[in-house]
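The values are calculated or read from the model by the stated rules, or taken from the named source; none is laboratory data. Model, not experiment: these values are computed from the prediction. Virtual Cβ from ideal backbone geometry, glycine too; neighbours counted across all protein chains shown. For accessibility, only protein heavy atoms count, side chains too; no ligands or nucleic acids. Shrake-Rupley method; radii C 1.70, N 1.55, O 1.52, S 1.80 Å.
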Amino acid sequence: MNEALNQPVTAVTGIGEETAKLLQGLRIFSVGDLLEHFPYRYEDYQLKDLHEVKHEERVTVVGTVQSEPSIRYFGKKKNRLSFRLLVNQILVTVTFFNRAFLKNQINVSTELTITGKWDQHRMTITGSECRKGREEREQTIAPIYSVSGKLTTKSMRKYIYQAMNQYSAEIPDLIPDQLLKSYKLPTKKEALSRLHFPPNAESMKHARRRMVYEEFLLFQLKMQAFRKANRDRTNGRALDIPEKEIESFIKQLPFPLTGAQQRVVSEVIQDISSPYRMNRLLQGDVGSGKTVVAAICMYAVIQAGYQAALMVPTEILAEQHVQSLKEIFEPLGITVELLSGSVKGKKRAEKLTALENGELSLVVGTHALIQDDVRFQKLGLVITDEQHRFGVEQRRVLRDKGENPDVLFMTATPIPRTLAISVFGDMDVSIIDEMPAGRKKIETYWAKPDMLERVLDFIQKELQKGRQAYVICPLIEESEKLDVQNAIDVHMILNQHYKGIWDVGLMHGRLRATEKDDVMEAFSKNETQILVSTTVVEVGVNVPNATVMVIYDAERFGLAQLHQLRGRVGRGQEQSYCILLADPKSEVGKERMRIMTETNDGFVLSERDLELRGPGDFFGAKQSGLPDFKVADVVHDYRALEVARQDAVKLIHSNDFWTKKEYEGLRNYIEDQGVLNGQKID
C-alpha cells in the first residue's frame, strides 16, 4: 500500500484522536484500513413487487393505509401495533413491535413506505421502518458496518465517504490490466466505491467479485512463491527407482490396486524420482487403502538404497501398522521395527544402532521417532499419518533427521478439495477417491432416544453372532451445562443391562496411555465385547470383529467426525451398522443426520459439512492456516479460489512476472510478505 494510504486514520478530515481510538478497536489504524473496512451486509430498500418476493425475505413496499392502527399491550412495556395496507391491489397486515408512538402518524388513506420482513403465509409484513409518502431513499442499497462503542453505521459511512473523497486517486491496482480485462473486473478504486456506496445490487456483486479474486490471488501468490522458494532452496535427491522391481512388488500383493491407488503411487514415485523434495498430502477415506500406497512408496525408497520412517499419533496405531507392514515386507527379507515410548533399554539401543548404521531400513513409530538420540544413516522418505494430530514443529524435527528427505502426509479426514488447496497451498494434493472392490457399505440408521431398548436388543443379536460393538459418548462425566449422555454413566447402564452376559469396557481421554492400551487390547482380543468410549477411539483403531457403532447425542458431532467414528466398524467381512442416537432440535442437526444415513462417501460428507459449518471446524482456528479474508469466503467462493490458484501458479512460473513493470505491485507484495527470504508466511 502506498504512503498516502499508510497515513494514520486521523489524516481523514473529521476524524480526531478520540474517534481514532474507537476505530482502533475495530483494527482500523490507517486510511487504507478504513477504506477496506467493508460492510458485512446490506439493507435493500429497492421497491419490490410482493408477487416476486420470497417468504421471509426483506421488502420495501409503498401502500395506502386501509384501517386505523390497533395496539395490544403485553408484558412489561411491550406492545404490538397493527394496521391494514393496500399494496398494488394486495391487502396485507403490517405489524410493528414496541412502536406505539407510530399510531399518531398512521391515518386511513395515508400513503406509506414500509420496510420489513415478508410472511407470505400470513400475508404480513413485520415492519422495521415506516416513512410517510413514496419516499425513495438516496441509497436504495445501504451498507451495514461492524461497529462498536459510540461508533454507528451512519458515522462509519460518513468517515469512509470522506476518505474516498480525499484519497481515492491514491488507491493502487495490484491486479494487472490484462487480468482485469480477461475477467471483466472493475479497478480497485471502482470496486471500493461500489462496495461502500452501491448504485444497485448488480454493481455491488461485481465489485465484490473483484475483491474476492484479489484476496485469493494475493494469498495464492504468497503460497506458490513460498513453495517455489522452498523448492529452489531445498534440493531433494533424485532417487533412482527400479521400476521393474516396484511392478513385481505390486503384483505379489494379495489384492489388485484400485485405479485411484495406481494414480497416487505414480504421482508419489514421480516426486521421489525428481530432483526436488516431495511435499505431498495424501487424502483417502477410511478404508480406501492408504497404508498399501505408503508401503509401495517405502519399498521404492528402500530399493533405491535409502531408509523410510512412518510416524503415527498413537502406540496402538503404530503397532497395527507394524503388524500389517510385516506381513508385506518380511517375506521379502525387509525388517520392520517399532520405535515407541514402550520400547526401552537394550532393545531400544539395538534398534537405534541399526538405524544409524543403515542395517534397519524401515521404522514405524510415535513421536518417539523425533527424540534427539534417533539418528538415520540415509533417511529418504518420511510419512506422517493423520498429520493434523502432530504439531508443525514435531513434523519439522522428523523431516530434519535426514538431508531433505521426501515428505508424504497422510490423512483419513476427507478435507474438501477447496479447503485442501487453501490450507495446504504449499503442498501437492493427492486423493484416493475410490474404494477397494468388495468392501461392504456400512448401513447407517438414525434412531430417537426413546428407541434405546430396540438398539440394545440389536446390539445383543450382533454379540450373539460373536461380534463386538462400540458405544460412543460426547462427554466423560456429567456436565450441568450440557444435557448429554456421558461415558461413565452409559458404561454403568450397559454394565447393568448386560450383567453376566457381556463384558463392557470403558475408554476416555483421562486414562493414562498404558490404561488406554490395556482397554484397547482387551477389546481387540474380544475379552470385552462392548467398548464405551469418548471420541479418543476416532483414529486408526482396527478391530475387524466390531460390527456395531452406536453414537449417543450424535447431533453434537460434525459430519466429518461422525464419519470417522463410523469408520471404526466395517473392517471385516461381516455386514456392519452405525446407529445415530439423536434428537436434534435445529434444522442443521436434522440435516446432518439425514446426510449420514444417505451417503458413506467421506468427501461428499466433508463438502456438506463445510457448507453447514464453515471451515473453522476442520482445523482449530489457530491451526487452520486460513488467512482472515475480509470479503472472500472459502466455502461459497471456491470457484474463484480455484481460478486464483491456477493464475498464481502460471504467474510465479513465468519470466514476465519477475521482470515486467505491470507485475511490480504483485512482486512488491510478495517481497513485503518475506516469502522470498525464507521467512515464515502468516
Review point. Got at least one residue in region 15-28 being under 30 Å from Ile90 (Cβ atoms) and exposed (fewer than 14 other Cβ atoms within 10 Å of the Cβ)?
Key: no
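If you take the residues of region 38-54 that are at pLDDT 90 or above and in a loop (DSSP other than H, G, I, E, B), which of them is surrounded by the most Cβ atoms within 10 Å (Cβ to Cβ)? Steps first, answer last, please.
Initially, region 38-54 is screened for residues at pLDDT 90 or above, giving 38-39, 50.
Checking the rest, the ones that are also in a loop (DSSP other than H, G, I, E, B) come to 38-39.
Working: Phe38: 17, Pro39: 21.
Among residues in region 38-54 that are at pLDDT 90 or above and in a loop (DSSP other than H, G, I, E, B), the one surrounded by the most Cβ atoms within 10 Å (Cβ to Cβ) is Pro39.
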Of (1) touching a residue at least 40 places away in the same chain (Cβ under 8 Å); (2) part of a helix (DSSP H, G or I); (3) farther than 20 Å from Lys630 by Cα, Ile160 satisfies every one except (3)
The number of residues in region 590-614 that are buried (at least 21 other Cβ atoms within 10 Å of the Cβ) and over 21 Å from Thr411 (Cβ atoms) is 2
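When you go through Glu36, Glu3 one by one, which is the residue that is under 31 Å from the mean Cα position of the chain (by Cα) and either of a type outside the set (S, T, N, Q) or closer than 21 Å to Arg208 by Cα (or both)? Before the answer, list the steps.
Working: Glu3 fails: under 31 Å from the mean Cα position of the chain (by Cα).
Unique residue meeting the criteria: Glu36.
Against the definition (in contact with a His (Cβ under 9 Å, 6 or more places away or on another chain), of a type outside the set (Phe, Trp, Tyr) and at pLDDT 90 or above), how does Val301 come out, yes or no?
On the way: in contact with a His (Cβ under 9 Å, 6 or more places away or on another chain): no; of a type outside the set (Phe, Trp, Tyr): yes; at pLDDT 90 or above: yes.
No.
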Scanning region 55-85 for residues that are assigned to a strand (DSSP E or B), within 15 Å of Leu102 (Cα to Cα) and open to solvent by 50 Å² or more (accessible area, probe 1.4 Å) gives Ser70, Arg72, Tyr73, Lys78, Arg80, Arg84
Only one of Ile272, Ile246 is under 22 Å from Tyr306 (Cα atoms), open to solvent by less than 30 Å² (accessible area, probe 1.4 Å), in contact (Cβ under 8 Å) with a residue 24 or more places away in the chain and touching a Phe, Trp or Tyr at 6+ places or on another chain (Cβ under 8 Å), namely Ile246
Every listed condition ((1) in contact (Cβ under 8 Å) with a residue 60 or more places away in the chain; (2) out of contact with any Leu (no Cβ under 8 Å at 6 or more places or on another chain); (3) surrounded by 14 or more Cβ atoms within 10 Å (Cβ to Cβ)) holds for Leu332 save (3)
Within region 530-548, of all residues that are in contact with an Asp or Glu (Cβ under 6 Å, 6 or more places away or on another chain) and modelled with pLDDT of 90 or more, the one surrounded by the fewest Cβ atoms within 10 Å (Cβ to Cβ) is Val548
Of the listed residues (Leu398, Leu419, Leu355), the one being at pLDDT below 90, in a helix (DSSP H, G or I) and either touching a Cys at 6+ places or on another chain (Cβ under 6 Å) or closer than 20 Å to Leu239 by Cβ (or both) is Leu398
Any hit, region 296-310, residues being surrounded by 20 or more Cβ atoms within 10 Å (Cβ to Cβ), in a loop (DSSP other than H, G, I, E, B) and of a type in the set (Val, Ile, Thr): no
